[in-house]
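For reference, the structure discussed in these notes is given below.
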Amino acid sequence: MKIIGLTGGIASGKSTVSQFLKELGAVTIDADKVGHEAFKPNTETWREVVDAFGKEILNPDGEIDRQKLGKIVFSDSQALARLNQIVHPRIYALAKARIEDYRRQGVKVVVLEAPLLLEVDSPSLADEVDEVWVTVAPEAVVLKRLKDKTELSEAQSLARIRSQLPSEERVKHADVVIDTDCGLDEMKARVEKLWRRLSLDT
């Protein structure tokens, strides 16, 4: 089984590339969605996050309001580090369990979409992948995507971009770099070319 670690900054095209790979036959794991599971009310992770950041981050139904939490952590590097310290080990455990399930099922290619693939120390999901694929796009393109798809202000968008590892650093660790500053047809063609290579290798 081949495991691709797909990473990149916010709005860099990770999810679009992941969707193309899924359509081509890969099984995908979205670390952000796995994180949502870890946040479920009254779980150990939920309690630790609420203890660290206060009940003000909760919705009336007891769920963590990710927008409220985001406003705290994306403007405070220490708060973000604390959140990752709490949540990442649980995401790692859940994602690794899924990888092992797929291995037992005989799946050929798993794509692990993980924004923090290269940013979190042990236990690191990067240790579980065979190749690292990094999506990149110019900051102006990222800002436009965020403006079109979210309600974040430009200042909030920039804060999120700045809170992440610079693309140049990610690229240093990449086996494959995918420039997503192009139309969807061109992006899909780039992904299909990479998929053909994968199919030959597996």
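The values are calculated or read from the model by the stated rules, or taken from the named source; none is laboratory data. All figures in this text were calculated on a predicted structure; none of them were measured in a lab. With ideal geometry, Cβ positions are generated from the backbone for all residues, glycine too; neighbour counts draw on all protein chains shown.
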When both residues are 6+ apart or on different chains and their Cβ atoms are under 9 Å apart, which pairs have a first residue that lies in segment 52-67 and is free of Cβ contacts under 8 Å to residues at least 12 places away in the same chain and aliphatic (A, V, I, L, M), and a second that is surrounded by 14 or more Cβ atoms within 10 Å (Cβ to Cβ) and assigned to a helix (DSSP H, G or I)? LEU58/VAL50; LEU58/LYS68
Just to be sure I understand, how many residues within segment 163-189 are in contact with a Phe, Trp or Tyr (Cβ under 9 Å, 6 or more places away or on another chain), surrounded by 13 or more Cβ atoms within 10 Å (Cβ to Cβ) and charged (D, E, K, R)? 1
Test: ILE72 is touching a helix residue (DSSP H, G or I) at 6+ places or on another chain (Cβ under 7 Å) and buried (at least 19 other Cβ atoms within 10 Å of the Cβ): no
Applying the selection to segment 124-137, what residues are within 17 Å of VAL176 (Cα to Cα) and in a loop (DSSP other than H, G, I, E, B)? VAL129, ASP130, ALA137
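Out of LYS33, LYS71, which single residue is within 15 Å of the chain's Cα centre (by Cα), modelled with pLDDT under 95 and within 30 Å of PRO138 (Cβ to Cβ)? Before you say what the answer is, go through the steps one by one.
Numbers: LYS71 fails: within 15 Å of the chain's Cα centre (by Cα).
Exactly one of LYS33, LYS71 is within 15 Å of the chain's Cα centre (by Cα), modelled with pLDDT under 95 and within 30 Å of PRO138 (Cβ to Cβ), namely LYS33.
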Which members of segment 36-54 meet the condition of being modelled with pLDDT under 95 and of a type in the set (Lys, Arg)? LYS40
For segment 141-202, which fully contained helices (runs of 4 or more DSSP H) count at least 2 residues that are in contact (Cβ under 8 Å) with a residue 40 or more places away in the chain and under 27 Å from ALA26 (Cα atoms)? 167-172, 184-201
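Yes or no, residue by residue, for (1) small (Gly, Ala, Ser); (2) surrounded by 14 or more Cβ atoms within 10 Å (Cβ to Cβ); (3) within 19 Å of VAL17 (Cα to Cα):
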{"site": "GLU44", "(1), (2), (3)": "no, no, no"}
{"site": "ALA52", "(1), (2), (3)": "yes, yes, no"}
{"site": "ALA97", "(1), (2), (3)": "yes, no, no"}
{"site": "TYR102", "(1), (2), (3)": "no, yes, no"}
{"site": "GLY106", "(1), (2), (3)": "yes, no, no"}
{"site": "VAL109", "(1), (2), (3)": "no, yes, yes"}
{"site": "LEU118", "(1), (2), (3)": "no, yes, yes"}
{"site": "VAL142", "(1), (2), (3)": "no, yes, yes"}
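Of all residues in segment 75-92, which are of a type outside the set (D, E, K, R), touching a residue at least 24 places away in the same chain (Cβ under 8 Å) and either touching a helix residue (DSSP H, G or I) at 6+ places or on another chain (Cβ under 7 Å) or exposed (fewer than 14 other Cβ atoms within 10 Å of the Cβ) (or both)? Even if it seems obvious, please write down each step before you answer.
Within segment 75-92, the subset of a type outside the set (D, E, K, R) is 75, 77-81, 83-89, 91-92.
From what is left, the residues that are touching a residue at least 24 places away in the same chain (Cβ under 8 Å) are 75, 77, 79-80, 83-84, 86-89, 91-92.
Listed by number, the residues that qualify are SER75, SER77, ALA79, LEU80, LEU83, ILE86, VAL87, ILE91, TYR92.
Would it be correct to say that ASP65 is surrounded by fewer than 17 Cβ atoms within 10 Å (Cβ to Cβ) and farther than 30 Å from ALA189 by Cα? Explain how you work it out, then say what you get.
Numbers: surrounded by fewer than 17 Cβ atoms within 10 Å (Cβ to Cβ): yes; farther than 30 Å from ALA189 by Cα: yes.
It is true that ASP65 is surrounded by fewer than 17 Cβ atoms within 10 Å (Cβ to Cβ) and farther than 30 Å from ALA189 by Cα.
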